[in-house]
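The values are calculated or read from the model by the stated rules, or taken from the named source; none is laboratory data. Just so we're clear, the structure is a prediction, and the values are computed from it rather than from any experiment. Cβ placement follows ideal geometry from the backbone for every residue including glycine, while neighbour counts extend to all protein chains displayed. Accessible surface is based on the protein model in full, side chains and every heavy atom, while ligands, DNA and RNA are left aside. Shrake-Rupley method; radii C 1.70, N 1.55, O 1.52, S 1.80 Å.
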Amino acid sequence: MAERAELERAAALQGEKVRKLKQEKAGAEQIAEEVAKLLELKAKLGPDDGKHKFVLKTPKGTRDYNPKQMAIREKVFNTIINCFKRHGAETIDTPVFELKETLTGKYGEDSKLIYDLKDQGGELLSLRYDLTVPFARYLAMNKITNIKRYHIAKVYRRDNPAMTRGRYREFYQCVNDRRILDGMFAVCGVPDIQFRTICSSVDKLDKTPWEEVKNEMVGEKGLASEAADLIGEYVQNNGGLDLIEKLLKDPKLSKNKLALDGLNDMKTLFQYLELFGVTDRISFDLSLARGLDYYTGVIYEAILIQNQGEQQQQQNDHTEESVSVGSVAGGGRYDGLVGMFDPKGRKVPCVGVSIGIERIFSIMEQKAEASEEKIRTTETQVLVAAAQKKLLEERMKLISELWNAGVKAELLYKKNPKLLNQLQYCEESGIPLVAIIGEQELKDGVVKLRDVSTREEVDVSRENLVEEIQRRTSRF
């Protein structure tokens, strides 16, 4: 009984917290997160009447998307896909789960986040953790050595995600090279066997102060304090070609072949970036580590930073705290991964980038909310409407003609809808045109085409209707 009373108190407090957040008009994701906690407490309390009650919630770290959100999401996807296609990419797909042995040992310390499945017909399976390892398996299995592909699909991680929302941000790219990191570790006195685990600690520097990272290296991972101090002197540097030139002359790094190869390649990369005119958005950052074990060369992340306008706004409004979204894309070179699956161990040079679509989507969603922009959830070009009763069959004939001609069209499924209701539906849904038929229009062989925004109406002959609709909606 005492345990139940404690749960009831916790549920009451959590309920109060949710109500307060709603009153304060907090972010939708923050409210959803707290509601999920409330539902979890209620589920633990269980029903009082002995009847089973379903807990209506999505699993932690997941969410549903309503039509408005999906419209924004689709816009983001289309922008990314068009960019891939502009550079000559083709697409593939792979199963949502892989043999467990395919994924094991590829992610270093992150391997503990892989979802394992129960034995299925004698096979030990796991949900894919990323799209890179399955891609490497695909290349080795099909003996492919040259492909430029993009792959859009869900991946699964047993993580406790912080579903933070973004604000208005600018992209900024950080770049490093795993060979520079490995060379740096070597000259700082890190034993070979500790390279990957120390790399994992360095990877936390974007979110954790250096002193805490150092304490983890020394206190938890047993690295000598002197070695950690030397690492600290390097990893707190970032810049461009000037920093690369400086490190090429560094008395320690310049004597390490791995570091030297990485720095020379980085110099070449920055020369190419200069040709593309993007060096103002790229930073060579010695703290960038990316924890995955399979990287062999250049690594990079795209992060979001506040623009100057927003920084000024926050200085004026001391009650608002800065919200950081962090990395929205990342990747690198992984030349050794395909060889792990190839019987002959053949190396296939690979380089890739993964885009954190969820984080970008949250920024786009908030931007739409802030601007009060009306989001269309359909692409309907025209609504087929009737001006009088008993014209359902005529509406169906006309919409069939439009569909067959490739026009995106709708009609209301009521038998005799009022014309005013049909026009209001167009305004609410953002449909730009209404094709109205009545007894007179049917006799004259025309359709009255109405522009929803201007309310202008014009009679268009039936044979010219498709062309006129396409012409008027080509801008949408």
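Summary of values
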item: Any hit, the range 122-136, residues being of a type in the set (Lys, Arg) and either touching a Lys or Arg at 6+ places or on another chain (Cβ under 7 Å) or closer than 25 Å to GLY345 by Cβ (or both); result: yes
item: Residue pairs meeting the criteria (Cβ under 6 Å; at least 6 apart or on separate chains; first at pLDDT below 90, in the range 110-133; second not basic (Lys, Arg)); result: LEU113/ASP159
item: Among the candidates GLU74, GLU40, GLU109, residue that is open to solvent by 50 Å² or more (accessible area, probe 1.4 Å) and in contact with a helix residue (DSSP H, G or I) (Cβ under 6 Å, 6 or more places away or on another chain); result: GLU109
item: Residue count, the range 380-408 (criterion: open to solvent by 30 Å² or more (accessible area, probe 1.4 Å), part of a helix (DSSP H, G or I) and touching a residue at least 24 places away in the same chain (Cβ under 8 Å)); result: 3
item: Residue count for the range 252-298, restricted to those that are part of a loop (DSSP other than H, G, I, E, B), small (Gly, Ala, Ser) and either in contact (Cβ under 8 Å) with a residue 12 or more places away in the chain or touching a Leu at 6+ places or on another chain (Cβ under 6 Å) (or both); result: 4
item: Any chance GLY240 is small (Gly, Ala, Ser) and touching a helix residue (DSSP H, G or I) at 6+ places or on another chain (Cβ under 9 Å); result: yes
item: Residue selected from the range 421-465 under the condition polar (S, T, N, Q) and part of a helix (DSSP H, G or I), by the criterion surrounded by the most Cβ atoms within 10 Å (Cβ to Cβ); result: GLN422
item: Where VAL447 falls short, out of the listed (1) within 29 Å of LYS68 (Cα to Cα); (2) aliphatic (A, V, I, L, M); (3) touching an Asp or Glu at 6+ places or on another chain (Cβ under 9 Å); result: (1)
item: Test result for THR62, closer than 30 Å to MET141 by Cα and of a type outside the set (D, E, K, R); result: no
item: Qualifying residue in the range 47-55 (condition: under 30 Å from LEU113 (Cβ atoms) and surrounded by fewer than 15 Cβ atoms within 10 Å (Cβ to Cβ)); result: yes
item: Residues being open to solvent by 70 Å² or more (accessible area, probe 1.4 Å) and in contact with a Ser or Thr (Cβ under 9 Å, 6 or more places away or on another chain) - total across the range 208-223; result: 1
item: Flag if VAL55 is within 30 Å of LEU7 (Cα to Cα), out of contact with any strand residue (DSSP E or B) (no Cβ under 8 Å at 6 or more places or on another chain) and aliphatic (A, V, I, L, M); result: yes
item: Residue that is most open to solvent (accessible area, probe 1.4 Å) [pool: residues in the range 5-28 that are touching a helix residue (DSSP H, G or I) at 6+ places or on another chain (Cβ under 7 Å) and of a type in the set (D, E, K, R)]; result: LYS22
item: Residues (among the hydroxyl-bearing types (Ser, Thr, Tyr), touching a residue at least 60 places away in the same chain (Cβ under 8 Å) and closer than 18 Å to ARG158 by Cα) located in the range 79-109; result: THR102, TYR107
item: Positions within the range 224-239 being hydrophobic (A, V, I, L, M, F, W, C) and open to solvent by less than 10 Å² (accessible area, probe 1.4 Å), in sequence order; result: ALA227, ALA228, ILE231, VAL235
